[in-house]
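A.B. asks: My questions all concern the structure below.
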Amino acid sequence: MQLTSLINRKEITPMAKAKRKPSAAFMKPMHPSATLGEVIGDKAMPRTEVTKKIWQYIKRNKLQDKKNRRMINADEKLKPVFGGKKQVSMFEMTKLVSRHLK
């Protein structure tokens, strides 16, 4: 009985959540190639910002496939970035774009 009363009186403090630190690799400014620069601009920016700008371009020009939204239809500016492919998946897109960053 004594043990139960000690457990009940014990104060439980919640653990403080640790803030996530952005990865230095993702935040390092990268220079886009001339081909990619036509789509997002030629200013150096982190990979996360590159991806955001590409998605803005895709949505602004309505390049997502209407049936399968995970597929992106390349226009004349994106086709060279996507290695000449007419359509790529959103997951393949990041791999293809990384080739155009230095």
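Nothing in this text is a laboratory measurement; each read-out follows from the coordinates by a stated rule. Quantities reported herein were computed from a predicted structural model and do not represent experimental measurements. For neighbour counting, all protein chains shown are included, and Cβ atoms are generated from backbone atoms with ideal geometry for every residue, glycine included.
A.B. asks: Quote to one decimal, in nm, the extra length available between LYS28 and MET71 on full extension: 0.36 nm per residue of separation minus the C-alpha distance between them.
C.D. replies: 12.7 nm
A.B. asks: If the limit is 30 Å between Cα atoms, which of LYS19/LYS77; LYS21/LYS79; LYS21/LYS66; LYS19/LYS53 go over it?
C.D. replies: Among LYS19/LYS77; LYS21/LYS79; LYS21/LYS66; LYS19/LYS53, the Cα-Cα distance tops 30 Å for LYS19/LYS77; LYS21/LYS79; LYS21/LYS66.
A.B. asks: Now for a separate question. Using Cβ contacts closer than 10 Å as the measure, can you line up GLU38, GLU76 from fewest to most?
C.D. replies: GLU76, GLU38
A.B. asks: Also, I was wondering about something else. Roughly how big is the range 32-84's charge dipole about its Cα centre, with Cβ charges of +1 (Lys, Arg) and -1 (Asp, Glu), in debye to the nearest 20?
C.D. replies: 380
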